[in-house]
Amino acid sequence: MTDSTLTLDEVETLAVAALRKAGATDRNARSVARSTRLAERDGIRSHGLMYVPIYAEHVRCGKVDGRALPTVGKPKPGVVRVDAKSGFAHPAIDAGFEDLVAAAQSQGIAVLTIHHSYNCGVLGHHAERLAEAGLLGLCSTNAPASIAPVGGSKPVIGTNPFALGVPDGEGGAAFVIDQSASVVAKSEIMLRSRTGEAIESHWAFDADGHPTTDPEAALKGSLAPAGGYKGFGTGLMVEMLAACLAGAVLGKDASPFSGTVGGPPNTGQCFIAIAPGPTSGNEFADRTADLVAAISAQDGARLPGQRRKANRERIEAEGVSVPAALMEKLDGLS
């Protein structure tokens, strides 16, 4: 068996077919497949085609309602609230996104919260989408518990990433920050467990609280917070926004994003969109350009997200390499 090379269109088509066969509606399948395409385009394999069999499995076992139709509420002029109905996060985000943009443009700042939700893929892509709409986007999502508090041993928060999308004033993003509360995303450890590769010794702890290079032991233990207590604090901030503020299930009570144990995780997201003109006196674009130039002028320095942009250019030209075993699995699903 040899590896395959797919175009991004083929990646998206394959993901749609697998999700529809598993029982998702066309609308939901296409929303998730677009996210899969973007992850592969940017070289983020852990959130790309590798995750499609997990999505399909979760639709079939009922961890995700593939036929869910999100409902949108607007309780205040600057607030959009979406009930994902235990379905995929992506169509729920799509359902409230335009209302979020309109509210931020009208009010200067607006918030979109989503509850009864699920894994939303690469969080930075949602922040970048807000930046492309000319808004400063601060996005957060909580996840099933995998990080213990500093000094403790029992996980109480998830990897809980946040992302900041910064508009460039020309319909794009000046840069995107996308980072989690853990040293590394849990999906990266899951990827290593599938390929049999060891993980770095500072990434995680086993069930007894000892550093480990075994991804299987890490998945049964806890992830190391980035920067020690600072990383845990960042994750706790995200938990307040994406779970408490959104009215979603806390990470400590959510079922895992992997495997079939438990029902829907019903986690949440919180997206804050800010129109930068009113707050900055229309100085935002100049200040941002000055800051970007100061970073870019230094030899060897790079802006957050530059590596993803480089991957984007290369993969759009060369296509996506898919391991033979994964391709066989995807063919069977679709």
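Bear in mind these aren't lab numbers, they're just calculated from the coordinates by the rules spelled out. Computed from a prediction, not measured in an experiment: that's the story for all the values here. As a convention, Cβ positions derive from the backbone with ideal geometry for all residues, glycine included, and neighbour counts pool all protein chains shown.
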**Request:** Could you tell me whether region 257-334 comes out rounded, prolate or oblate from its Cα gyration tensor? Rule is a ≥ b ≥ c as square roots of the eigenvalues, rounded for a/c under 1.5, then prolate if a/b exceeds b/c, otherwise oblate.
**Result:** oblate
**Complete:** Of LEU135, LEU123, LEU291, the most mobile residue in a GNM of the chain (C-alpha springs, cutoff 10 Å) is LEU291
**Asked** Relative contact order for region 152-294 using alpha-carbon pairs under 8 Å, separation at least 6, rounded to a whole percent?
**Response** 20 percent
**Relative contact order for the chain, counting Cα pairs under 8 Å that sit 6 or more residues apart, in percent** = 22 percent
**Request:** Please say if region 23-76 is rounded, prolate or oblate, where rounded means a/c under 1.5 for a ≥ b ≥ c the square roots of the C-alpha gyration tensor eigenvalues, and otherwise the choice is prolate for a/b larger than b/c and oblate otherwise?
**Result:** oblate
**Prompt:** If you rank CYS244, CYS139, CYS270, CYS120 by fewest surrounding Cβ atoms within 10 Å, what's the result?
**Reply:** CYS244, CYS270, CYS120, CYS139
**Asked** If the chain between ILE109 and ALA198 were fully stretched, how many nm would it gain, using 0.36 nm times the residue separation less the Cα-Cα distance?
**Response** 27.6 nm
**Asked** Quick one: ARG194, ARG129, fewest Cβ neighbours within 10 Å first, how do they rank?
**Response** ARG194, ARG129
**Item:** Tensor-based shape of region 206-275 (alpha-carbon gyration tensor, a/c under 1.5 rounded, otherwise prolate or oblate)
**Value:** oblate
**Prompt:** Working out 0.36 nm times the residue gap between VAL79 and GLU57, then minus their Cα-Cα distance, what length gain in nm do you get to one decimal?
**Reply:** 4.6 nm
**Message:** Once you place label points 7 Å from the Cα toward the Cβ at HIS210 and ALA102, how far apart are they in nm?
**Reply:** 5.9 nm
**Complete:** Least to most buried among VAL122, VAL150, VAL111, VAL72, by other C-beta atoms within 10 Å and fewest first, runs VAL150, VAL72, VAL111, VAL122
**Complete:** PRE zone check, label point 7 Å out along Cα-to-Cβ of GLU132, amide N under 18 Å, scope region 9-42, hits 9-13, 30-42
**Asked** For LYS85, which lysines qualify as cross-link partners when the Cα separation must be under 23 Å and same-chain residues fewer than eight apart are set aside?
**Response** LYS21, LYS63, LYS74, LYS76, LYS252
**Request:** Would you tally the net charge around GLN105, using a Cβ to Cβ cut-off of less than 12 Å, leaving GLN105 out, and scoring K and R as +1, D and E as -1?
**Result:** -2
**Prompt:** What is the spin-label model distance, in nm, from LEU245 to SER153 if the labels are put 7 Å beyond Cα along the C-beta direction?
**Reply:** 3.5 nm
**Item:** VAL261 versus LEU291: modelled label distance in nm, points set 7 Å from Cα along the beta carbon direction
**Value:** 4.2 nm
